[in-house]
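Working notes, beginning with the structure itself.
The values are calculated or read from the model by the stated rules, or taken from the named source; none is laboratory data. What you are looking at is a predicted structure, and each value in this text was computed from that prediction instead of being measured. When we count neighbours, we look across all protein chains shown, and the Cβ atoms used for this are built from the backbone with ideal geometry, even at glycine. Side chains included, ligands, DNA and RNA excluded: accessible areas come from the protein's heavy atoms. Shrake-Rupley method; radii C 1.70, N 1.55, O 1.52, S 1.80 Å.
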Amino acid sequence: MSERLFIFDTTLRDGEQVPGCQLNTVEKIQVAKQLEALGVDVIEAGFPVSSPGDFNSVIEISKAVTWPTICALTRAVQKDIDVAAEALKFAKHKRIHTGIGTSDSHIKYKFNSTREEIIERAVAAVKYARRYVDDVEFYAEDAGRTDNEYLAQVIEAVIKAGATVVNIPDTTGYCLPEEYGAKIKYLVEHVDGIDKAIISTHCHNDLGMATANTVNGVLNGARQVEVTIDGIGERAGNTALEEIAMIFKCHRDIGIETNINTQKIYPTSRMVSSLMNMPVQPNKAIVGRNAFAHSSGIHQDGVLKNVHTYEIIDPKDVGIDDNAIVLTARSGRAALKHRLHVLGVEMGQEKLDKVYEDFLKLADKKKDITDDDILVLAGADRNVNHHIKLEYLQVTSGVGVRSVASLGLNISGEHFEAAATGNGPVDAAIKAVKQIIRRQMTLKEFTIQAISKGSDDVGKVHMQVEYDGQMYYGFGANTDIIAASVEAYIDCINKFKK
Ligand code: KIV
Ligand code: ZN
């Protein structure tokens, strides 16, 4: 008999904290519904006290999903807990996730406090949260660097105070797998009443060991894992959901099972990557473009003879369907709607009509439309409310000539034009934009996402622009990479606060 491992997804909290990955409420609901379809047990929907946007998202996600527990993060502070409880009022199953730093460095530098006082604050927060909900999770922030004996005292105290789940985060991604596993084992063996709570892992990937640490945590007694889609999250990210789900599926002999419908892994990954403008690295396990691509002759030969020679996972098991209908200019609305549905995107007739119109325009420019293209089209109306829009762009460039760009912008209904020369077509176009938008801004980062399937693919550009001491993130997608760059630049400017 297998034992059940609970999947706690924090894509919408730890994942969403990543600069540039912010979603609006409608997008968060879309992701939450997809996570529900994927079969996660808990959705950490946000940190309600942190902003009105987060508060509202927790409310709307609570209304939109039925089965998963909705969890809201707090510090060990009464006001945070009050606000979280209010945000969770519509959730069918609710959990408050409260906690405090327990490592000596957090106690001394973050709280200027003592070990005894931290235990008192932790216990008070758990008791206070239990006044609102029956399900309270406690996190011992920086548990990875917390002395095991003291950590056991904290965990014992919070379980006595009513914590139902105890989270042992390796906040800084510092632990070695053996060390993290031993930490969980120590708690199992030394905490009185540990059987009254579920132990949870929460591992960051700073040293590339998040998944290994999580697996070792489970092997030593943890029965909940905190994960994100594609492993997105603070800095180097969190443990990737898809890796954990597939590890325990491939290694059935371990005797751990999850509720994840693995065939929904790939569509979920594509949706999150597209909505958060966060490309998936090509060699990413399970969901990367190359995860199932065999390129060496020896491997290809083996796979053709028997697929099991080099493939431990059937791509169909994670929702990669090689036989997916290829959409072309002759595909109808129904085919587009079906593909969107497979990708986890549902939309009303009016929006479908608009996306179909854009789809036909794109299909005129390129032969086959990929899933990535469709997701870009589906999210393309994200900037309809922008007050600055690109009206036209013309660029001349080549070898041995200086690039020239002329463009027109519509700013709140007024038309502006400019032309500039530059060190290449993007430089020329950006200089032309700057002639119209006279602000002191600096382009800090410019990433063109790899074009995966041919020279007619939609190019995606991510940009970071610094203005007035703040960093702004922009995204553009177009079959013309120069136009995508200008769109990303304008997307940044549209977000300027003043
Ligand atoms: O990494 C961490 O410690 C966290 C906690 C807030 C759970 O994200
Ligand atoms: Zn974290």
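Legend: calculated FRET efficiency, I411 to V26, from the Cβ-Cβ distance at R0 = 30 Å, rounded to 0.05, equals 0.70. For the chain, the longest principal axis of the Cα atoms and the long axis of helix 349-365 meet at an angle of about 60 degrees. Each peptide in 394-405, 271-282 gets a packing score, the mean of other Cβ atoms within 10 Å over its residues, and the list from highest to lowest is 271-282, 394-405.
Across all directions, the shadow cast by the convex hull of the chain built on its C-alpha atoms averages 26.5 square nanometres. DSSP bridge analysis restricted to the chain gives an antiparallel fraction near 50%, rounded to the nearest 5. Note on the stretch 209-265: Rg/Rh from C-alpha atoms, Kirkwood Rh, equals 0.95. In the distance distribution for the stretch 118-166, Cα-Cα pairs more than 17 Å apart total 26 percent.
Calculate the translational D of the stretch 34-108 in whole µm² s⁻¹ from Stokes-Einstein, where the hydrodynamic radius comes from the Kirkwood formula applied to all Cα pairs, the temperature is 10 °C and the viscosity 1.306 mPa s.
Translational D for this selection: 125 µm²/s.
Across the stretch 108-114, computed HN-Hα scalar couplings (Karplus, 6.51 cos²θ - 1.76 cosθ + 1.60, θ = phi - 60°) run 7, 8, 7, 10, 6, 10, 10 Hz from first to last residue, x flagging Gly and Pro.
Give, to the nearest whole percent, the P(r) tail of the stretch 333-399 beyond 21 angstrom, counting all Cα pairs. Let's see the in-between values first.
Details: 759 of 2211 pairs.
The calculated P(r) of the stretch 333-399 puts 34 percent of pairs beyond 21 Å.
Over the stretch 87-221, the reciprocal of the mean inverse Cα-Cα separation, the Kirkwood hydrodynamic radius, stands at 14.9 Å. The mean of 1/r over all distinct Cα pairs in the stretch 413-498, once inverted, gives the Kirkwood hydrodynamic radius of 13.4 Å. Taken over the Cα atoms of the stretch 346-498, the convex hull encloses 129 Å³ per residue. Separation of the stretch 1-76 from the stretch 243-273 is 18 Å, based on Cα centroids. What you get for the chain, charging only the Cβ of Lys and Arg (+1) and of Asp and Glu (-1), is a dipole of about 1080 debye around the Cα centre. Gyration tensor over the Cα atoms of the stretch 137-282: the corresponding equivalent ellipsoid has semi-axes (square roots of 5 times the eigenvalues, largest first) of 27, 16, 14 Å.
Rolling a 1.4 Å probe across the protein heavy atoms gives the stretch 101-171 an accessible surface of 43 Å² per residue.
Give the carbon-plus-sulfur fraction of the accessible surface of the chain in %, rounded to a whole number; probe 1.4 Å, heavy atoms of protein chains only. Here carbon and sulfur together make up 50 percent of the probe-accessible area. Selection among I437, L275, N112 by position relative to the dipole of the chain gives I437 as farthest towards the positive end (Cβ unit charges, Cα centre). In terms of accessible area, using a 1.4 Å probe and ignoring ligands and nucleic acids, V227, V123 rank largest first as V123, V227.
Using the structure shown, list the pairs from K33/K444; K264/K460; K28/K366; K63/K110; K79/K351; K94/K196 with a Cα-Cα distance above 29 Å, or answer none. Too far apart for the 29 Å limit: K33/K444; K28/K366; K63/K110; K79/K351. Taken over the alpha carbons of the stretch 128-205 as equal point scatterers, the Debye sum produces base-10 log I(q)/I(0) values at 0.12, 0.15, 0.22 Å⁻¹ of -0.30, -0.47, -0.95.
Which FRET efficiency value, to the nearest 0.05, do you get for N261 and I448 by plugging their Cβ-Cβ distance into 1/(1 + (r/R0)^6) with R0 = 35 Å? The value I calculate is 0.55. Name the residues of the stretch 26-48 whose amide N is less than 17 Å from a point 7 angstrom out from the Cα of K79 along the C-beta direction? The answer is 47-48, whose backbone nitrogens lie closer than 17 Å to the label point. A cut-off of 5 Å between modelled amide H atoms, ignoring neighbours fewer than 5 places along the same chain, links I256 with E3.
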